[in-house]
Amino acid sequence: MAASLSFKRSDSIAESMPEALRQSRYQMKRCFARYVSHGKRLMKNKQLMEELEKSMDDKVEKTKLMEGFLGYIICSTQEAVVLPPFVAFAVRPHPGIWEFVKVNSDDLAVDGITAADYLKLKELIFDEIWSKDENALEVDFGVLDQSTPHLTLPSSIGQGMQFMARILSSRLHEKSESMKQFLDYLLALNYRGENLMINSTLNTVNKLQTALLLAEVFVSGLPKNTPFQKFEERFEEWGLEKGWGDTAERVKETLNCLSEVLQAPDPVNLSKFFSRVPSIFNIVIFSIHGYFGQTDVLGLPDTGGQVVYILDQVRAIEEELLLRIKQQGLSLKPQILIVTRQIPESQGTKCNQELEPILDTKHSHILRIPFKTDNGVLKNWVSRFDIYPYLERYAQDAANKISDHLEGKPDLIIGNYTDGNLVASLMASKLGVTQGTIAHALEKTKYEDSDMKWKEFDPKYHFSCQFTADMIAMNSADFIITSTYQEIAGSKDRPGQYESHYAFTMPGLCRFVSGINVFHPKFNIASPGADQSVYFPHTQKQKRLTNFHPAIDELLYSQVENDEHIGYLADKTKPIIFSMARLDTVKNISGLTEWYGKNKRLREFANLVVVAGLLDTSKSKDREEINEIKKMHSLMEKYQLKGHFRWIAAQTDRYRNGELYRCVADTKGVFVQPALYEAFGLTVIEAMNCGLPTFATNQGGPAEIIIDGVSGFHIDPNNGEESSNKIADFFEKCKGDVSYWHKFSTAGLVRIYESYTWKIYANKALSMGAIYGFWRQLNKDEKQAKQRYIQMFYNLQFRNLVTKMRASSTEATQNDKVP
Ligand code: UDP
Ligand code: LCN
């Protein structure tokens, strides 16, 4: 929809709207009359558009209005609160940018209102008394970020590190005190008490500059590859320690880079310097819920991509750390610890073990710490939604174990998902360590109006605890790693996951007038990859894992129905439509099954194979999974799927799964990811890495991974007919021309190699650790003030919610205790 040319970006909507309403007064009165005709309610964009359409009969008038400013406003309105005679609009003209206006439907008068005013109006629909309570709890995290410059361009969102380098250089430039803080930062660099880069003799910027100059002249005279050890003693005379580089050439570059920064700080040299500074050796990564293991866990409840992501991430980060340490001229051992929950009743997995070395790494381990209560250790798996009462104690137990293992404190703590992020926040704030967070998925966006309707959701999902914990973690984090732009700021039409926490309210609990601002420079996009030794193209014949072929053949084609698979494929010559996911509602595997069942053309062209969850309700303890299992059985019955459809239980061997994707590619099949919403979607990049043409949901991360019609296809999970026809059209085209299939197979691979590899990720993540580590020191006062606010909020709000949850929950008692 084109915006009216009369609308200037500099005008606020509240300023421009009255004139636009005046120009279309007659139509707008009718439209607003429709909006208010049903009394008080919350209207979403779709309803607003429908009502607008219905209110106008004249086609020409309609087109004119829709193409004008008012059409643009209503198109950009995410939702509206109707409180007759008023309608309050939450308008999102651009990703990350929101404006709120209140229109009187009687006289079309317009008032610009604040986010807080809008939230109060919204609350009137759900909890009138609370909305009118002048002392209702209102939280404003933004007010504590005021001295941090923010990005302003929606297109720059997620490029925090680059922006941060600019902020740092101008701070160093403008304030001599900042330069002194930079010097203090350098003086504090050490490994186990041993100084790195400089020692205390260089206690002024001038002295440091002189030493750098002398050293640079000296190393310039050495052959480039002279090892640092050869001139280490000369360096000591000038107050310089190890850490500058492994060879004369590298040392010279680093010296020069710092000299440039001290002379006139600039973002390029500063970024380069922080990618070289030896500040990170020990990293703790929290991933608490589910079954965290290296084998036999994928597909178990709450156990999916996050586990895959973290294991691959650790391998990549360790490799990058080792490279950096070598290039710094140091010979020391970095350590990465994944800290997770120990589960005594571990269902045949290794999740009951305390310490496990991580395969394909040299120094990284999984450390498992149990959940303890006053009655002992918790024995069984606990749903991620029921985990909150255990976390505080867990954080304390973890702190002790970690410091024993690392013989000191970590240099960087990274949290994953709400539980891991909360524990990371508690620990980072206690130890004064740099903190990064990763969400994987923010639950608030998965369930419509889950904030407003939290009371309805709470018995099952405990969103009161979860959203509060998310707010604490996002705000205490020094940096946030996301997988896509979408995750932060969505797309033109849909707000991002983080963006939806900008201003929201949970009536009766807390009004977040500013929750998190996506223009904050803490946001960074670092997309994950897939392990390319496991997920490689089906065409690499010499690498193919043919030893798995008999088992895969049995899995796909045997006529037997057992615990592992049901349904069968009568015609082996047809290509396979393949999908693999946890059997959660949001993954929509049952949706795909239904689309296939209904679409005759698709059934003619191809078979459907899904790998998902368990096949029998009696074996599952997961509420959502049980519902989905039932649904799947009834769909098989309803659409008489046997002969065309194979349902395989969760598969845990990633090497075999890699070969499975490739075997599906051998049939000239496709991968389909039909989720109602997908935060990122590792299966999408796994399939693409194997050269399998991929159709993936347009809701969330996959919409960004795939360029529709170029490197794969988008499908609309809410429009099964359109989506299943899109897949059928593809097969139809391939039937006439097999090069069509190859075209998409190759284009998918090209896309992956360009943007989705772990090497790119690891480089960015370590640089974030260094650069934000310095920023937290430079910005110490603001950070401390915010930390105090967060601690109070944790103490007075989160703990209170946990106490309530504990009182109302029976989960704890259902878990047998280990003596
Ligand atoms: N997976 C698996 N077996 C299964 C289901 C999933 O190995 O039965 C793996 C899949 O290959 C991928 C991960 O689990 O590596 C799922 O990640 P994704 O990001 O697609 O979804 P999530 O489960 O994290 O929501
Ligand atoms: C969780 C999800 O739901 C997926 O979309 C991601 O791919 C996965 O974590 C890894 O980040």
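Each reported figure results from applying straightforward, stated rules to the coordinates on display, with no laboratory input. This structure is a prediction, so every number in the text was calculated from the model and none was measured. Here the Cβ positions follow ideal geometry from the backbone for every residue, glycine too, while neighbour counts run over all protein chains shown.
Looking at the calculated P(r) for the chain, what percent of the C-alpha pair distances fall above 50 Å?
22 percent
To check you understand DSSP bridge types, tell me what percent of the beta bridges within the chain (both residues inside) are antiparallel, rounded to 5.
Restricted to the chain, the bridges split so that about 45 percent are antiparallel.
Report the extension gain between residue 404 and residue 188 in nm, rounded to one decimal, defined as 0.36 nm multiplied by the number of residues separating them, less their alpha carbon distance. The partial results should precede the final answer.
Working: separation 216, 0.36 × 216 = 77.76 nm, distance 2.27 nm.
Length difference between fully extended and current span is 75.5 nm.
Can you give me the long-range amide H partners of residue 502? Hydrogens built in the peptide plane at 1.01 Å from N, cutoff under 5 Å, separation of 5 or more residues or another chain.
Residues meeting the criterion, in which the H sits 1.01 Å from N, are 516.
Can you list the DSSP H helices in the chain whose Cα atoms extend at least 27 Å along the helix axis and whose mean Kyte-Doolittle hydropathy is -0.5 or higher? Mind dumping the intermediate values first?
Values: long enough: 305-327 (32 Å, 0.17); 758-778 (30 Å, 0.07).
Helices passing the filter in the chain: 305-327, 758-778.
Using alpha-carbon positions, what is the distance between the centroids of segment 629-679 and segment 34-108, in Å?
Rounded to whole Å, the Cα centres lie 42 Å apart.
Arrange the following residues from fewest to most other Cβ atoms within 10 Å of their Cβ: 414, 629, 480. All intermediate terms of the calculation are to be shown ahead of the outcome.
On the way: 414 31, 629 23, 480 27.
Ranked by crowding around the Cβ, least crowded first: 629, 480, 414.
Which of the trypsin sites (Lys or Arg not before Pro) found in segment 455-525 are in a DSSP loop and have at most 12 neighbouring Cβ atoms, other than their own, within 10 Å?
Values: sites: 455, 460, 492, 511, 522; in loops: 492, 522.
Those satisfying the criteria are 492.
Once phi is turned into θ = phi - 60°, what whole-Hz ³J(HN,Hα) does the Karplus curve with 6.51, -1.76 and 1.60 give for every residue of segment 506-519, x standing for Gly and Pro?
Listing the rounded values in order: 10, x, x, 10, 6, 10, 8, 6, 9, x, 8, 10, 5, 8 Hz.
About its Cα centre, how strong a charge dipole does segment 82-166 have in debye, to the nearest 20, once Lys and Arg get +1 and Asp and Glu get -1 at the Cβ? Intermediate results must be reported in sequence, preceding the final value.
Numbers: 6 positive and 13 negative charges, 107 e Å.
So the magnitude is around 520 debye.
Short version: ³J(HN,Hα) in whole Hz for each residue of segment 697-710, in order, from phi by Karplus 6.51 cos²θ - 1.76 cosθ + 1.60 (θ = phi - 60°), x for Gly and Pro, what are they?
These are the phi-based 3J(HN,Hα) values: 3, 8, 9, x, x, x, 4, 8, 5, 9, 8, 4, x, 10 Hz.
Among 94, 82, 16, flag the residue with its Cα farthest along the positive direction of the charge dipole of the chain, charges on Cβ as +1 for Lys/Arg and -1 for Asp/Glu.
Of 94, 82, 16, it is 94.
Nothing charged except the Cβ atoms of Lys and Arg (+1) and of Asp and Glu (-1): what's the magnitude of the dipole of segment 278-441 about its Cα centre? Round to the nearest 20 debye.
Values: 15 positive and 18 negative charges, 52 e Å.
Using only the charged Cβ atoms, the result is roughly 240 debye.
So how far apart, in nm, are the two label points at residue 604 and residue 430 if each is 7 Å from Cα heading toward Cβ?
So the label points at residue 604 and residue 430 sit 6.5 nm apart.
If you take the charge dipole of the chain about its Cα centre, with +1 on Lys and Arg Cβ and -1 on Asp and Glu Cβ, which of 727, 313, 761 is farthest toward its positive end?
Farthest towards the positive pole: 727.
With an 8 Å cut-off on Cα pairs and a minimum separation of 6 or more residues, tell me the relative contact order of segment 163-270 in percent. Please report the intermediate quantities before stating the final value.
On the way: 125 pairs, mean separation 34.6, N = 108.
For segment 163-270, the relative contact order is 32 percent.
Work out how much length residue 146 to residue 117 would gain on full extension: take 0.36 nm times their residue separation and subtract the Cα-Cα distance, in nm to one decimal.
Numbers: separation 29, 0.36 × 29 = 10.44 nm, distance 2.10 nm.
Stretched out fully, the residue 146 to residue 117 stretch lengthens by 8.3 nm.
Quick one: which residues, 5+ away or cross-chain, put their amide H under 5 Å from the amide H of residue 191? H built at 1.01 Å from N.
Those lying under 5 Å, H to H, from residue 191 are 196.
Nearest 500 deg cm²/dmol is fine: what mean residue ellipticity at 222 nm does the chain get from its DSSP H runs of n ≥ 4 alone, each adding -39,500 (n - 2.57), divided by its residue count? Walk me through the numbers before you get to the answer.
Values: 32 runs with 371 residues, N = 819.
About -14000 deg cm²/dmol.
Could you work out the equivalent-ellipsoid semi-axes for segment 197-270, taking the square root of 5 times each eigenvalue of the Cα gyration tensor, largest first, in whole Å?
Values: eigenvalues 71, 46, 18 Å².
Over the Cα atoms of segment 197-270, the semi-axes work out to 19, 15, 10 Å.
Each label point is 7 Å from the Cα along the Cα-to-Cβ direction; what then is the distance between the points at residue 42 and residue 708, in nm?
For the pair residue 42/residue 708, the computed spacing is 2.7 nm.
Charges only on Cβ, +1 for Lys and Arg, -1 for Asp and Glu: so what's the dipole of the chain about the Cα centre, in debye to the nearest 20?
On the way: 97 positive and 102 negative charges, 128 e Å.
Using only the charged Cβ atoms, the result is roughly 620 debye.
Around residue 397, with a cut-off of 15 angstrom between Cβ atoms, what is the net charge of the other residues, counting Lys and Arg +1 and Asp and Glu -1?
Values: positive: 341, 368, 372, 393, 401, 430; negative: 354, 374, 392, 404, 419.
Once all neighbours under 15 Å are counted, the net charge is +1.
For segment 691-754, what relative contact order do you get, as a whole percent, if you take Cα pairs closer than 8 Å and at least 6 residues apart? It would help to have the intermediate numbers written out before the result.
Numbers: 70 pairs, mean separation 24.9, N = 64.
RCO, segment 691-754: 39 percent.
Assuming R0 = 30 Å, what is the FRET efficiency of residue 760 and residue 268, from their Cβ-Cβ distance, to the nearest 0.05?
Numbers: r = 19 Å, r/R0 = 0.63.
For residue 760 and residue 268, the calculated efficiency is 0.95.
Mind giving me the nanometre distance, one decimal, between the label points for residue 806 and residue 233, set 7 Å out from Cα along Cα→Cβ?
Distance between label points: 6.2 nm.
On a full-extension model of 0.36 nm per residue, what is the gain between residue 25 and residue 617, subtracting their alpha-carbon distance, rounded to one decimal in nm?
Details: separation 592, 0.36 × 592 = 213.12 nm, distance 5.84 nm.
Full-extension gain reported as 207.3 nm.
Please name whichever of 222, 441, 557 sits farthest to the positive end of the charge dipole of the chain, dipole taken about the Cα centre and charges placed at Cβ: Lys and Arg +1, Asp and Glu -1.
Sorting the options by dipole projection puts first 557.
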